[in-house]
Every structure is written in structure tokens, then in C-alpha cells.
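Structure first, then comments.
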Amino acid sequence: MREMKNQFSKRYQLTLDRVRKTGTPAYTPEMVVADVIPRHERRFTEFSGDVSGRYLGALACAARTRSESYPELARVASEVVSHQKPQGYFGGSFAKAGIQKEDMALLWGNGRLLIGLLEYYATSRQKPILDAATKLGDFLIRIAPDMNSDRVRRQFEDGAFAMGYICWTQIIEGLAELHRVTGSAAYRQVAESMAERTERRPNEHSHGFLTSVRGILALYDVTGDRRFLDRARQEWQGVIGSGNVLVPGSVPEAWKPKAHRTEGCSEADWLRLSLGLWGRTREPGYLAHAERTLFNEFAMNQFDSGDFGHRVISRTGFPIGGNEEGGGTARAWWCCTLHGLRAFPDVVAHVFHVEGDALAYDLPVEGRGESGKMRLLAESSLEQSATVRLIVESAKAGAPILIREPGWVYGLEIAVNGLRLATLNRNGYHRLSQPWKAGDVISVRYILRTRGERDAATGRWALWHGPWLLGAEELASPHFFDEPHHANLLDIRLLASGDADLDPDPTPDDNHFAVQQARFRVRYLPGGYPMFPSSVTLRPIAEQTGHRPSAWEYLFRIHGDKQG
Ligand SMILES: [Zn+2]
């Protein structure tokens, strides 16, 4: 098989290596399982099983979908199950009387561990793993009447954040899977009772809520009950309607009005939920949202170390400096790095889809697609040259290929074995139908648009080139951040269509995640000294992964524009 080594694959490898080999702190088996014992030697061991579960789930799903084998998984899994309490749960102990905040942290970790164990079981098929998951599921059934009571719900509905009621409802995901694997209705019933109690509340933890909604989508899969699909769609729309989706396709760690910073886990959830809804409905709006998050927030959120984590949100971008007390950035190895890794296989699964007798190419990244009639390999050079090659690995007669035309292009230029074809965009796809043979190469060139989009919340402008949101970054353009930089005015002209004509910035850069074709040199009037016009490099915020954390601004004022 041919190797796939473009930027998406590099990003996947970077985080996989972070979890398996590199970076600080190292995910040694001892460090991982500290939260199921518990041994309070690192941060957040009170979230019993949180890191253990995420580690098992993320690595098991990566191993399965990459056809690789990670021997450390078996060791961690057997160590984890050896610490199960006789009552069925893992980690700390429940309060003697009533349900306390600490119990919610314990439940959170156990919920992450339940799905992690089951994702590992799907690969390993080891009975002790399923036995442990079942025993944990039975414990959850026993406490369900109390946890589902109005009393407990009210107690944790507001103000408990990461120890809020979402610690209970996020377990839907694991219980739905346990129902699928065992066929037992009892797990499904508890999951359904949690779904009824899932709600998005101001200032609460978005990761817990979005994980609950992903669980509701999993319930739809295992029950076939449309109500759950409708519910997930309604909640997805509700997040957008509430103004909680930021320009780069980000959601905040805590819903508005708090909305202080991003969280890699929530970004991964939002990406996975959008992909999941696309997969079940084939409505293109879900895919477009997933794509926006993938190429922008999800990319930007990935650190050069391979970690995912937090960035403080300002009115115009992501500032820098300080820590969680004062702002800035955090590499959240205790959750986001692992949950970020868990999102990659979901993206891989949505690069292609089967549409009737056709194989459709959807996301312009590397991947492999297979229908009963053909197999295609996608090699993406989107970042370098706005092109993708689709290589026919095998084909039977009469298998059409569909190529998606995203909203961020003027059009597609398609050639087969070097010969240009005249193709039409019908319902968002170009259809190619001919007798394919192994080795045929379809070349796709994306004619990228450069455009401005006014942000409704601030009245300022976001500038895009193709799928990439452009920003000014402090390391490359320090003077752009001179006070008061929010008053800087870009000296550019937007056409009525929103299209912009910007001058390329040819300065080369050895950043592994550079998108050279999406760099522009733009004149601006500095807020503090507009009589000295200057110039700034605008480039994809996704390039952040290639260097140390830095400040970015991606919402601008434009000279002559009265709003903003
Ligand atoms: Zn996180």
C-alpha cells in the first residue's frame, strides 16, 4: 500500500506520537492508571478513570483504523480492570451520604472509562474487558434512580461546571455501546433516561454536553429510533443558534456568557458531532461545518508538541501569555490531547462515502474509500498546491466517482490520466463515469476563493483563502500588535460578492504546517499611528501548530468600512 504523508496525516501522527512516545508528561502505564487506583500523584486523578478511559479508547480506535498494533494497550487494560471495585466502579469512593461534587467527578471518569473499555473491547475481543464494562454498567443501573431524581438534577444543574450534571448524562455514549454489544435493554433504558435529562445550560461545560449529544446520536444508531436523531440535530442547531460557535469553527469550554477559552475536547466533540450528523443525514451543511472546524479550530488547537488544549478567546482572536489564572494557553494532556487523538479516526471515516452505486470524495484530505465496486486512494496536496490525486486501486465496471465541490472554491478542474474533462457541479458534486481500471489517476484542482465574511457578533471581518481562516500572528508581525491594535485598519477592498484580491507573500517558511499559497501581504493603518501605513502577513491560523504558541488576531476592521 502507498504511504499517505500529507498535512492531515502528519497531524494525526504528531498526536499519536505524543501519546505513545514523546512529550511531557509521558503517558506511562503508571501515569495513566493512577486515576483508577486512585493514586493521587498527578492532576485530576479524582476524575476516576478519565485519563485511563480516554487513553484506551483513543489508542484502540487509532490502532484499529490504521491496522497497527500497540502492545502497551493490553498492559494498561489489564492493569485497569484489576483495580475495579467490588461494587463495579473505579477510582475514588462515593460519599457516605447523598451525592457530592466529588461523586460527580468520579462518575465523569467512570463514564469516560466505560466507553474507553468498550472501544478497546471492539478491537481486542477479550472477555475480561467486556466483563469489567458490564459490571460497571450494572453499577450505573443501580444508582440510576437516585441520579435521575429531580433532587440530584437540581443540585448539579448550575455552577458545578466540570462536576455538573453532565457528568451523569455523558455516560449515554458508553451505555448505548454496552447495549449494542450485550443486547441488554436495561443499559438502553438508563441511557434513554439520561437523554431526557440532557440540556445545554449557560456557563456549563460544553465538552460534557456535546459528549452527551454524541451519546444521543449513538442511541439512535443502536435503537433506530428517529427521535434520537431529531434530538441530536435540534441540539446541534441550538448550539449554533445560541451564538456559541465562533468564526474558526470553535466552541468555548464553557457556554456563553462565560465563554472564556476554547477546549480541545469540545472542539473534537463539535467536529465529531458535525461529522456524525453528516454521516446519518447526508445534509451538506453538517459537512461544511465539520470542514470549517477541521481546517481551522481543530488545526489551530493542536500544539507543536502534538497536544491539544486551551486558548483564551478575545474579541478579535486568541491572545497569549499567562496561564489558566491569567489567560493564554494550556496543553491539556489530562483530557484534550487524548480526546483530540480520538477525533482523527472519525475524520478518516468521513473522507469518502458510498452514495448509491457511486463512491463520493468529500473531505479534501488523504484517505481511502471503498464501495462494493471500487477502491480509491486520495493523496492530498491541498496545502501545497490546492490539488488532490485520486488513484483507482481497483474497480469493477460501471462504478461512478463523485467529487464534492466545497463552497470555498470558484470551481474544480478535473483531469483523468492527464486529460482535462469538462464536468458540471450538480448538487455539490462532479460525477465521473467511465470504465475505470486500476492505476487510473484523477487529478482535482481546487480553484480557491479569497473572500471576506462579516462576523455578525462584532461587525468585524474575517478573511478566508479556500478553507483557511487567515490571521495576523505576533511572531511574524510584532508591530501589528502595538496598542491599540484593535483599531488597526486593513487597507483592502472587498467586492460586493465578498471576494478579495490580496497580494501573495512569497517569503518562504520552514514551518511543517505552512500553507504558502494562503499567505498574503496586506497594507494597514496602525491604530496608534495611522500616518505611518505598514504591512502585515496574513496566513492560516492553522499554521500555529508549526511553532510555539503565539498571539493571533483574525477579526479585522477594514479601512473605509463604517461598521465594526
Ligand atoms: Zn479537554
What is the gain in length, in nm to one decimal, between R66 and M531 on full extension, counting 0.36 nm per residue of separation less the C-alpha to C-alpha distance?
161.8 nm
Cβ-defined net charge surrounding P530, 13 Å radius [Lys, Arg +1; Asp, Glu -1]
0
Kindly rank 111-123, 492-504 from highest to lowest mean number of other beta carbons found within 10 Å of each residue.
111-123, 492-504
Considering only protein heavy atoms, what per residue accessible area in square angstrom results for segment 361-416 with a 1.4 angstrom probe?
30
What area, in nm² and to one decimal, does the C-alpha convex hull of segment 143-276 cast on average over all directions?
7.8
Reported to two decimal places, what Rg/Rh ratio describes segment 18-94 when computed on Cα atoms with Rh from the Kirkwood expression?
0.98
So R201 and Q237, fully extended at 0.36 nm per residue minus their Cα-Cα distance, gain in nm 11.5 nm
What value, in deg cm²/dmol to 500, does the helix sum -39500 (n - 2.57) over DSSP H runs of n ≥ 4 give at 222 nm once divided by the residues of the chain?
-11500 deg cm²/dmol
Of the accessible area of segment 108-200, with the probe set at 1.4 angstrom, what percent is carbon plus sulfur?
47
Suppose the chain between K96 and K127 were pulled fully straight at 0.36 nm per residue; how much longer would it get relative to their current alpha carbon spacing?
7.9 nm
Quick one: ranking E393, E46 by accessible area, 1.4 Å probe, largest first, what do you get?
E46, E393
What's the FRET efficiency of R389 with N425 using the Cβ-Cβ distance as r and R₀ = 22 Å, to the nearest 0.05?
0.65
What are the ³J(HN,Hα) values, in whole Hz, obtained from phi via the Karplus relation 6.51 cos²θ - 1.76 cosθ + 1.60 with θ = phi - 60°, for each residue of segment 226-235 in sequence order, with x given for Gly and Pro?
4, 4, 6, 5, 4, 5, 5, 5, 5, 5
For segment 354-442, how big is the tail of P(r) above 18 Å, as a whole percent of Cα pairs?
38
Let me test this: with uniform point scatterers at the alpha carbons of segment 192-263, what is the Debye-based log₁₀ I(q)/I(0) at q = 0.11, 0.21 1/Å?
-0.27, -0.87
Hand me the trypsin sites (Lys or Arg not before Pro) from segment 284-320 located in a DSSP loop with no more than 13 other Cβ atoms within 10 Å, in residue order please.
R315
Which translational diffusion coefficient, to the nearest whole µm²/s, is obtained for the chain from the Stokes-Einstein equation, given a Kirkwood hydrodynamic radius over C-alpha pairs, 4 °C and 1.567 mPa s?
53
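The values are calculated or read from the model by the stated rules, or taken from the named source; none is laboratory data. Remember, it's a predicted structure, so these values are computed and weren't measured experimentally. Positions of Cβ are generated from backbone atoms using ideal geometry, with glycine treated the same way; all protein chains shown enter the neighbour counts. Side chains included, ligands, DNA and RNA excluded: accessible areas come from the protein's heavy atoms. Shrake-Rupley method; radii C 1.70, N 1.55, O 1.52, S 1.80 Å.
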